Amino acid sequence: MTRVRFYHNAADPLALACELAARAAADGRKVAVRTTDARAAQRFDAMLWSFDQLAFVPHVRSDSPLAARTPVVIGSADHPAPWPHADLLFNLAQDVPGEFDQFRMLVEIVGDDETEKAPARARWMHYKSRSLPLQAFDALRREAM
């Protein structure tokens, strides 16, 4: 059963995703990052190179031949491709990933803008209706809600 974590009130959802993905990869986890579109995927890719000057986070796009051997794989909702592993899925898109139930854990990162909160509430209710274990965290205070 997929566990679901929501990080609410992220001032910069991509930056928080970089931090969490880097931490997970450093712990030996495999991370799939689902962005809204190709432009956001490109921004996330660039951010992984620069968000921490002392860190290197191995990452590739989901259509890369190296995807199965790389800890962080980046894809987008507008060009879905099969994920090479099923450990963690970070959802930065506004919809429910069709393949979320293939993963051990789904991480939903929600910005502090009202246009992101309403779709996030719908996703929360979707997961709740399936009796999935849900946890909520405040991204600003870095604590459980």
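In what sequence do W124, W83 fall when counting other Cβ within 10 Å, fewest first?
W124, W83
Roughly what % antiparallel, to the nearest 5, for the DSSP beta bridges in the chain?
10
Could you identify which residue out of L92, L134, L16 has the top mean-square fluctuation in a GNM of the chain using Cα springs shorter than 10 Å?
L134
Report, in deg cm²/dmol and to the nearest 500, the calculated mean residue ellipticity at 222 nm for the chain, where each DSSP H run with n ≥ 4 adds -39500 (n - 2.57) and the sum is divided by the residue count.
For the chain, the value works out to -9500 deg cm²/dmol.
Using Cα atoms only, what is the angle between the long axis of helix 13-26 and the major principal axis of the chain, expressed in degrees (0 to 90) to the nearest 10?
60
Nearest 10 degrees, 0 to 90: what angle lies between the long axis of helix 38-50 and the longest principal axis of the chain (Cα atoms)?
70
Readers should treat all values here as calculations from the given coordinates under stated rules, not as data from a laboratory. Every value quoted in this text rests on a predicted model; they were computed, and no experiment measured them. Positions of Cβ are backbone-derived with ideal geometry, glycine not excepted, and every protein chain shown enters the neighbour counts.
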